[in-house]
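Where a number appears in this text, it was derived from the coordinates with a stated rule and is not lab data. Quick caveat, the model's predicted, so the values are computed rather than measured. With ideal geometry, Cβ positions are generated from the backbone for all residues, glycine too; neighbour counts draw on all protein chains shown.
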């Protein structure tokens, strides 16, 4: 299929429209999703600590990447929930499964943070 039919245009125009759509997504997540706000606060609190905790630039990148993973997974989970509710708000086994799987993904992303940050604190404080 040709790019001529892309609704967001081509080239630099598409980049600007995509950036604006991303802004709208962040804005909606911040306004509508308490979990996103909580995880954003966690990330803002941990970011300055990452400079003290990291033993190298690569280590710092790993610490910060885990924080970004939480936010990414929460955005995807929120999108799944919004789309599921858009389709139907009545209880359905597949809708529940989709929401539960999204929640499980968020839990795993938080587990990644606990493992990486926990190991980093252990190294910093006890070695």
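Quick one: compute the contact order of the chain, relative version, from alpha carbon pairs under 8 angstrom and 6+ residues apart, as a percent. Please list the in-between numbers first.
Working: 65 pairs, mean separation 28.8, N = 127.
It rounds to 23 percent for the chain.
Tell me whether region 40-97 comes out rounded, prolate or oblate; compute the Cα gyration tensor, take square roots of the eigenvalues as a ≥ b ≥ c, and use a/c under 1.5 as the rounded threshold.
Numbers: a/c = 5.00, a/b = 3.60, b/c = 1.39.
Here region 40-97 falls in the prolate category.
Please find the FRET efficiency linking residue 30 to residue 127, where r is the Cβ-Cβ separation and R0 is fixed at 25 Å, and quote it to the nearest 0.05. Let's see the in-between values first.
On the way: r = 38 Å, r/R0 = 1.53.
According to the calculation, E is roughly 0.05.
Given the rule -39500 (n - 2.57) for each run of at least 4 DSSP H residues, summed and divided by the residues of the chain, what is its mean residue ellipticity at 222 nm, to the nearest 500 deg cm²/dmol?
Numbers: 4 runs with 107 residues, N = 127.
Calculated at 222 nm, the ellipticity per residue is -30000 deg cm²/dmol.
For region 32-73, rounded, prolate or oblate, judged on the Cα gyration tensor with a ≥ b ≥ c (square roots of eigenvalues), a/c < 1.5 rounded, else prolate if a/b > b/c? Walk me through the intermediate numbers first.
Working: a/c = 5.26, a/b = 2.05, b/c = 2.57.
Judged from the Cα gyration tensor, region 32-73 comes out oblate (a/c at least 1.5, b/c at or above a/b).
Provide the gained length on full extension for the span residue 92 to residue 14, in nm with one decimal, where the gain is 0.36 nm per separating residue minus the Cα-Cα distance. Walk me through the intermediate numbers first.
Working: separation 78, 0.36 × 78 = 28.08 nm, distance 3.73 nm.
Here the segment from residue 92 to residue 14 would lengthen by 24.3 nm.
Using a/c under 1.5 as the rounded threshold, could you call the chain rounded, prolate or oblate? The axes a ≥ b ≥ c are square roots of the C-alpha gyration tensor eigenvalues, and prolate needs a/b larger than b/c, oblate otherwise.
Oblate shape, in that a/c is at least 1.5 and b/c is the bigger or equal ratio.
Any idea what angle helix 11-32 forms with the longest principal axis of the chain, computed on alpha-carbon atoms, 0 to 90 degrees, nearest 10?
Once rounded, one gets 70 degrees.
Let me check I have the definition right: for region 75-127, take the eigenvalues of the Cα gyration tensor, multiply each by 5, take square roots. What are those semi-axes in whole Å, largest first?
Working: eigenvalues 259, 17, 5 Å².
Over the Cα atoms of region 75-127, the ellipsoid semi-axes are 36, 9, 5 Å.
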